[in-house]
Amino acid sequence: MDKLPQVAQQFIKTHFSTINVATIMQDYDSYDVIFSNGYKIEFDRKGNWEEVDCGTDAVPSAIIPANINNYVSKSFTENFIVDISKDRRKYNVELNNDIDLEFDKEGNFLRFDD
């Protein structure tokens, strides 16, 4: 855990402190953290999260940009986000009903993703 960038360590402590880390794998440009319950987080080499996969559980709402949270809660009242990923241009989210959505960097809905 101490080999992760400080930003990644703080992210885990803030949002996943009650879950044990099972494995940390380091590639050239990323870190993959796998928790004992199966959750997975991918961080870039600086420690910024790129993907949070909570399996069938809800991603902590504090991680999700407000616009995305609002859109999902209004448009999919019975569903929640189980996976969120981001890159320089967009966010992709997967709901617990297997619907994939794409949002721009500001969190505005773009389209359903295949």
**Item:** Radius 15 Å from Cβ of GLU50, net charge of other residues (Lys, Arg +1; Asp, Glu -1)
**Value:** -2
**Message:** Tell me the label only: which of (1) 14.0, 40; (2) 13.9, 43; (3) 14.3, 55 is Rg and Dmax of the Cα atoms in Å as calculated from this structure?
**Reply:** (1)
**Request:** Convert each backbone phi in segment 97-106 into a coupling constant with the Karplus relation 6.51 cos²θ - 1.76 cosθ + 1.60 (shift: θ = phi - 60°), then list the ³J(HN,Hα) values in order as whole Hz, x for Gly and Pro.
**Result:** 9, 6, 7, 10, 10, 10, 10, 6, 4, 8
**For ILE81, residues with placed amide H under 5 Å, excluding near neighbours** = VAL59
**Prompt:** What residues have an amide H closer than 5 Å to that of ALA22, excluding those fewer than 5 places away on the same chain, when H is modeled at 1.01 Å from N in the peptide plane?
**Reply:** ILE34, PHE35, SER36
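Quote to one decimal, in nm, the extra length available between ASN20 and ASP2 on full extension: 0.36 nm per residue of separation minus the C-alpha distance between them.
Values: separation 18, 0.36 × 18 = 6.48 nm, distance 1.42 nm.
Taking 0.36 nm per residue and subtracting the Cα distance, the gain is 5.1 nm.
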**Request:** Taking the dipole about the Cα centre of the chain, with the C-beta of Lys and Arg at +1 and of Asp and Glu at -1, give me whichever of LEU101, VAL52, PRO65 is farthest to the positive side.
**Result:** PRO65
**Item:** In Hz, Karplus ³J(HN,Hα) per residue of segment 63-74 (6.51, -1.76, 1.60; θ = phi - 60°; x = Gly, Pro)
**Value:** 7, 7, x, 4, 4, 5, 4, 5, 4, 5, 5, 7
**Request:** Kindly express, to the nearest 10 degrees and within the range 0 to 90, the angle between helix 6-15's C-alpha long axis and the longest C-alpha principal axis of the chain.
**Result:** 60
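Values quoted throughout were computed directly from the atomic coordinates according to the rules given, and no laboratory measurement underlies them. Note that the structure is predicted; figures quoted are calculated from it, not measured. Ideal geometry is used to build each Cβ from the backbone, glycine not excepted, and the neighbour counts take in all protein chains shown.
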